[in-house]
Amino acid sequence: MAISKTSPSPKMVNPGNPDLQVSLLKPEEAEQYMHIRHEVFRPSVNNILYSRGEPSQETLARVTEEIRDGVVNKGILYLKCVDTTTGEIIAGARWRCVMPKEEGASERTWEEVDEGFERSEPYDESDPKLFHALHDLFSENKRAILGTRSHYVLDTLVTLANHERRGAGSMLVRWGTERADEAGVEAYLEASPMGAPMYARHGFEPVKKVALDLRKYEGKEIMEFILMKRPAKVGTP
Ligand SMILES: CC(C)(COP(=O)(O)OP(=O)(O)OC[C@H]1O[C@@H](n2cnc3c(N)ncnc32)[C@H](O)[C@@H]1OP(=O)(O)O)[C@@H](O)C(=O)NCCC(=O)NCCS
């Protein structure tokens, strides 16, 4: 996958909520981000990633290192939203800018596309089959929906439950959609049913509903996702 680094941008303040501030996550904040993601995803995505039990300290350290490595070496755009009245990180997001490796190329090659879909190693607490089933479900659909086109993709969006509905999620979405508009490319995400209405307000349109039946993997539920795409802004003044 080709991930281009973008230059750090000035901090963005939400006109609706001046107490909240969005900026790029620093490498030393990777552990805080990991804790927020882990906490928010506990009733949902964690049932896929760690279906065989609560992740160990070793696993959490691995996740933290993956986040830190993403920030430092891979140009992954991890964001934090800070409540400036307390200094607490209350929400986070992971955006990626997926562009052709070759400068000047208008689209990625299929080889580049498929490099981006390489499977990662399951965690000790994962059921490897379930872990890969989620990856494959998302990858196959991204491949079909986006093809070789450049895009921004929102991989993760998490707001701590006691800070929901304060505008943090929207600020973190807007951060990426503004960059997608500047670059004149599409944006894409796999929405939870809870996130979908908010994404729709930011111009994302549902493309397809997909489901993962955790009952096939000793789980209890069917998890549904709404694949959403936001068209490229053309003719930006
Ligand atoms: C979805 C989520 C990211 C929204 O974050 P947020 O900081 O509350 O977002 P905002 O304040 O900008 O927007 C609020 C909107 O999010 C949705 N939302 C937030 N909290 C909600 C809740 N408890 N129940 C239902 N919808 C909720 C609603 O659409 C809400 O709009 P409304 O208040 O007009 O109904 C957050 O609730 C979350 O982390 N949920 C759990 C994880 C998840 O589903 N992440 C999205 C994965 S794609």
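No lab work stands behind these numbers, since they all come straight from the coordinates. Nothing here was measured: the structure is a model prediction, and the numbers come from that model. Note that each Cβ is placed from the backbone with ideal geometry, even for glycine, and that neighbours are counted across all protein chains shown.
Could we say that T109 is of a type in the set (S, T, N, Q) and either within 14 Å of the ligand (Cβ to nearest atom) or in contact (Cβ under 8 Å) with a residue 60 or more places away in the chain (or both) here? First the steps, then the outcome.
Details: of a type in the set (S, T, N, Q): yes; either within 14 Å of the ligand (Cβ to nearest atom) or in contact (Cβ under 8 Å) with a residue 60 or more places away in the chain (or both): no.
Judged against the criteria, T109 is not a match.
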Practice item. Report, ordered by the first and then the second residue, all pairs with beta carbons closer than 7 Å, sequence separation of six or more or different chains, a first member in the stretch 23-40 that is buried (at least 18 other Cβ atoms within 10 Å of the Cβ), and a second member that is of a type in the set (D, E, K, R) and in a helix (DSSP H, G or I). Key: A30/R68
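Any idea which residue in the stretch 183-204 is nearest to I145 (Cα to Cα), counting only those that are loosely packed, with under 13 Cβ neighbours inside 10 Å and more than 17 Å from the chain's Cα centre (by Cα)? Steps first, please.
Applying the first criterion (loosely packed, with under 13 Cβ neighbours inside 10 Å) to the stretch 183-204 yields 184, 193-194, 197, 201.
In the following step, the residues that additionally are more than 17 Å from the chain's Cα centre (by Cα) were identified as 184, 201.
Values: G184: 17, R201: 21 Å.
In this case the residue turns out to be G184.
Would you check if I145 is within 13 Å of the ligand (Cβ to nearest atom), over 21 Å from C81 (Cα atoms) and aliphatic (A, V, I, L, M)? Outline the logic, then answer.
Working: within 13 Å of the ligand (Cβ to nearest atom): no; over 21 Å from C81 (Cα atoms): yes; aliphatic (A, V, I, L, M): yes.
Judged against the criteria, I145 is not a match.
Take the stretch 86-106 and flag every residue that is within 16 Å of the ligand (Cβ to nearest atom) and either under 18 Å from the mean Cα position of the chain (by Cα) or of a type in the set (S, T, N, Q) (or both). Steps first, please.
First pass over the stretch 86-106, keeping only residues within 16 Å of the ligand (Cβ to nearest atom): 86, 88-96.
Correct list: T86, I89, I90, A91, G92, A93, R94, W95, R96.
Just for the stretch 153-171: of the residues that are of a type in the set (A, V, I, L, M, F, W, C) and either over 8 Å from A91 (Cα atoms) or in a strand (DSSP E or B) (or both), which one is farthest from the ligand (Cβ to nearest atom)?
Kept after step one, since they are of a type in the set (A, V, I, L, M, F, W, C), are these residues of the stretch 153-171: 153-154, 157-158, 160-161, 168, 171.
Add one more test, that the residue is either over 8 Å from A91 (Cα atoms) or in a strand (DSSP E or B) (or both), and what stays is 153-154, 157-158, 161, 171.
Working: V153: 12, L154: 7, L157: 4, V158: 5, A161: 7, M171: 7 Å.
Checking each candidate, the answer is V153.
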Review point. How many of the residues making up the stretch 189-203 are near the ligand (Cβ under 6 Å from one of its atoms) and part of a loop (DSSP other than H, G, I, E, B)?
Key: 3
Practice item. Within the stretch 115-152, work out how many residues are in a helix (DSSP H, G or I) and over 26 Å from A200 (Cα atoms). Key: 7
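Working carefully through the options V153, V158, find the one that is of a type in the set (V, I, T) and more than 18 Å from L49 (Cα to Cα).
Working: V158 fails: more than 18 Å from L49 (Cα to Cα).
Only one candidate qualifies: V153.
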Point to revise | Per-region count, the stretch 40-79, residues in a helix (DSSP H, G or I), within 26 Å of L212 (Cα to Cα) and not hydroxyl-bearing (S, T, Y) | key: 10
